[in-house]
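Chemist: What follows is a structure written as structure tokens; I'll ask about it next.
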Amino acid sequence: MFTLFIANKNYSSWSLRPWILMRQLGITFEEDLVPFCDGSSWELFRKFSPSGKVPCLMDNGVAIWDSMGITEYLAERREGVWPRDDRARAWARCAAAEMHSGFSVLRDICGMNVGIRVALHEISPALQQDLNRLEELWSEGLQLFDGPYLAGSSFTAVDAFFAPVAYRIQTYGLQLNPACMAYAQLLLELPGMQQWQREALAEPWRDPAHEDGIPAVGRVTADFRQTAGQSAGDGGIGG
């Protein structure tokens, strides 16, 4: 039995990737959610993750860390992680790798925060550049492989890597072309994404590292989360 270690569902975009991939593909696993803690979560996460980051998959005592490492580990053991078609698989791997290492401005300005809605003060040229590239990439996949997912008719790892972006679009009111907006909505309506959102809204923790920078980029217009119970520090770490 796999065990997937993740952090707060409201914030941890890195954790969402393998979680939604395994949920959508019907891969059975146990979830172990370890909230971000005050100061630094590194020592806490080091108890189960060699990198001190989330997510981390445990398979019979073997630790597999980083969302890309987990994805490739699963691909060696399960059908459907990547597309069957050679061209679609190559494109999907490149697109997922680009999301894994790129879009830094989108990440920095529009950090994942599932439970709130934010009106951005502005769309900076650098953020617009990331949005333009996102739109270009999504449009290419949808056109090349006939949708409704990025690499064809089935949900695969490339969709899992962009799933956190769908929440960012929802939270910050980001706008792409109609085809890309429809794809984002398709992701948001997946049963696994709906479950993740429900559980994110129910979390009692607040992480200052994810919350305190919001006023610099925008104004919170709505907060759908339950009343905060306890506070959690640190955050923003993952792989």
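The values are calculated or read from the model by the stated rules, or taken from the named source; none is laboratory data. This one's a predicted model, so the numbers in the text were calculated from it and none came from an experiment. Glycine gets a Cβ as well: all are built from the backbone with ideal geometry, and neighbour counts include every protein chain shown.
Chemist: Quickly run through the range 42-55 and pick out the residues that are more than 20 Å from His210 (Cβ to Cβ) and in contact (Cβ under 8 Å) with a residue 24 or more places away in the chain. Step through it out loud before you land on a result.
Modeler: The first filter runs over the range 42-55 and keeps only residues more than 20 Å from His210 (Cβ to Cβ), leaving 46-48, 50.
Within the range 42-55, just Phe48 meets the criteria.
Chemist: Of all residues in the range 102-130, count the ones that are of a type in the set (Val, Ile, Thr) and not in a helix (DSSP H, G or I).
Modeler: Restricting attention to the range 102-130, the residues satisfying the condition of being of a type in the set (Val, Ile, Thr) are 105, 109, 114, 116, 118, 123.
Restricting the remaining residues to those that are not in a helix (DSSP H, G or I) gives 114, 116, 118, 123.
Residues in the range 102-130 being of a type in the set (Val, Ile, Thr) and not in a helix (DSSP H, G or I): 4 in total.
Chemist: Turning to a different aspect of this structure: Quick check on the range 87-101. Is at least one of its residues surrounded by fewer than 22 Cβ atoms within 10 Å (Cβ to Cβ), assigned to a loop (DSSP other than H, G, I, E, B), in the same structural domain as Ala179 (by TED's automatic domain parsing) and touching a residue at least 24 places away in the same chain (Cβ under 8 Å)?
Modeler: Looking for residues that are surrounded by fewer than 22 Cβ atoms within 10 Å (Cβ to Cβ), assigned to a loop (DSSP other than H, G, I, E, B), in the same structural domain as Ala179 (by TED's automatic domain parsing) and touching a residue at least 24 places away in the same chain (Cβ under 8 Å), one finds none in the range 87-101, hence no.
Chemist: Right, something else. Collect the residues in the range 219-239 that are under 30 Å from Tyr149 (Cβ atoms), modelled with pLDDT of 95 or more and either in the same structural domain as Leu174 (by TED's automatic domain parsing) or not aromatic (Phe, Trp, Tyr) (or both), keeping them in residue-number order.
Modeler: If the condition is that a residue be under 30 Å from Tyr149 (Cβ atoms), modelled with pLDDT of 95 or more and either in the same structural domain as Leu174 (by TED's automatic domain parsing) or not aromatic (Phe, Trp, Tyr) (or both), then Ala222, Arg225 are the ones that fit.
Chemist: Kindly evaluate Ser15 against the criterion of being assigned to a loop (DSSP other than H, G, I, E, B) and either on the phi > 0 side of the Ramachandran plot or surrounded by 16 or more Cβ atoms within 10 Å (Cβ to Cβ) (or both).
Modeler: On the way: assigned to a loop (DSSP other than H, G, I, E, B): no; either on the phi > 0 side of the Ramachandran plot or surrounded by 16 or more Cβ atoms within 10 Å (Cβ to Cβ) (or both): yes.
When the stated conditions are applied, Ser15 does not pass them.
Chemist: Another question, if that's okay. Mind checking whether some residue in the range 25-41 is touching a residue at least 60 places away in the same chain (Cβ under 8 Å) and under 22 Å from Phe162 (Cβ atoms)? Spell out the reasoning first.
Modeler: Going residue by residue through the range 25-41, those that are touching a residue at least 60 places away in the same chain (Cβ under 8 Å) are 25, 35-41.
Of the ones still in play, those that are also under 22 Å from Phe162 (Cβ atoms) are 25.
Yes: the range 25-41 contains one or more residues that are touching a residue at least 60 places away in the same chain (Cβ under 8 Å) and under 22 Å from Phe162 (Cβ atoms).
Chemist: Of all residues being among the charged types (D, E, K, R) and closer than 24 Å to Gln194 by Cα in the range 130-175, which is surrounded by the fewest Cβ atoms within 10 Å (Cβ to Cβ)? Just the residue, please.
Modeler: Here is the first cut: in the range 130-175, the ones among the charged types (D, E, K, R) are 130, 133, 135-136, 140, 146, 159, 168.
Retained after the next criterion (residues that are closer than 24 Å to Gln194 by Cα): 135, 159, 168.
Details: Glu135: 17, Asp159: 26, Arg168: 24.
The residue in question is Glu135.
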